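Heads up: the structure comes next, in structure tokens.
The values are calculated or read from the model by the stated rules, or taken from the named source; none is laboratory data. Quantities reported herein were computed from a predicted structural model and do not represent experimental measurements. Here the Cβ positions follow ideal geometry from the backbone for every residue, glycine too, while neighbour counts run over all protein chains shown.
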Amino acid sequence: MKKGLKIGLIVGASVLLISAVVVTVIFVSSIRNSATNYDYSDGGLGMVEESISPDSPTYDAKTATSESAESTEDRDVIRNGTITVSVDDIDATVTEIDTIKGQYSGEITYMVDTGDGKDRIVTISLKVAEEKFDEVYNKLKTLEGEYTYSGISANDVTETVVDLEARLKNLRSVERQYLEILKSANTVKDTLLVYEQLNTTRANIESIEASLEYYARQTDYSTIYMTISQSSTGAQLSDDPWEPLGVLKDAGRALVNLGKFLGSTLIWILVFSPVIAIIVVPIILIQRKKRK
């Protein structure tokens, strides 16, 4: 009995000892794995960068974009209109467009006037608020003239804008975390490393903010491009006045140029005549001998 009890105690103690060793090994391994993920050489920046990077697996831009897009009622759409018209009086049409611009607080961003008479063409770019786009576009189409082309293009950039906003939010969170890390940096090396990452993050923030401002301008305002040409009905019978003195001068210049050409040709012939004689004369003499 006593012998069996001793054996039981020994086996129980052995099991407890082995269990303690296994638990200790597992605990040490978990600590080592955690230490491996923590980069002490850069003041712990390695693990922080992994957790706060915009490319971290915890950040899903597509998911954020789709969720935000579903909750967004208003769409961000860039719309532009194009109108090509032929009119009898270009100047009168331009004046009417300027009047419409004033009525709807629009802005002519550029106007180009090229050609003359029948070949005259005026190109105008008119910017208006998006909510007034349809009304202004339809009003421009009521101007008197022959419309050869008109159309509206629309580009929905809602998902792009939502994605940029999600990335901007994440980057600002990254910036705040780097600022907190900067407060606890103990060495110059750590401070420089944090500053480098912070500057990169801020550069990305500025780039995204610039893109969002661009899309905001493009979606808040729409542009209507108008090409106005001169119709045959409104064109004058003679676009250019006849100037006999100018025609006489052109004829005189042409005569002088002809004289210069003939004189230059004669000079070339005189200069190369010896060379021509050296080549041609022997050929003529040989032909005469053959005939005899």
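What the table below lists for this structure:
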{"quantity": "Residue within segment 159-171 that is within 30 Å of Ile228 (Cβ to Cβ), of a type in the set (A, V, I, L, M, F, W, C) and either surrounded by fewer than 17 Cβ atoms within 10 Å (Cβ to Cβ) or more than 22 Å from the chain's Cα centre (by Cα) (or both) present", "calculated": "no"}
{"quantity": "Residue tally, condition assigned to a helix (DSSP H, G or I), at pLDDT 70 or above and out of contact with any Gly (no Cβ under 9 Å at 6 or more places or on another chain), over segment 57-94", "calculated": "3"}
{"quantity": "Odd one out for Glu206 among (1) farther than 28 Å from Thr82 by Cβ; (2) at pLDDT below 90", "calculated": "(2)"}
{"quantity": "Only listed residue being within 30 Å of Val85 (Cβ to Cβ), surrounded by 14 or more Cβ atoms within 10 Å (Cβ to Cβ), touching a residue at least 60 places away in the same chain (Cβ under 8 Å) and out of contact with any helix residue (DSSP H, G or I) (no Cβ under 6 Å at 6 or more places or on another chain), chosen from Gln230, Gln218", "calculated": "Gln218"}
{"quantity": "Residue check for Tyr147: in the same structural domain as Ile224 (by TED's automatic domain parsing), in a loop (DSSP other than H, G, I, E, B) and either modelled with pLDDT under 90 or surrounded by fewer than 17 Cβ atoms within 10 Å (Cβ to Cβ) (or both)", "calculated": "no"}
{"quantity": "Qualifying positions in segment 179-203 - assigned to a helix (DSSP H, G or I) and touching a residue at least 60 places away in the same chain (Cβ under 8 Å)", "calculated": "Ile181, Lys189, Asp190, Leu193, Val194, Gln197"}
{"quantity": "Flag for Ala185 being surrounded by 10 or more Cβ atoms within 10 Å (Cβ to Cβ) and touching a Gly at 6+ places or on another chain (Cβ under 7 Å)", "calculated": "yes"}
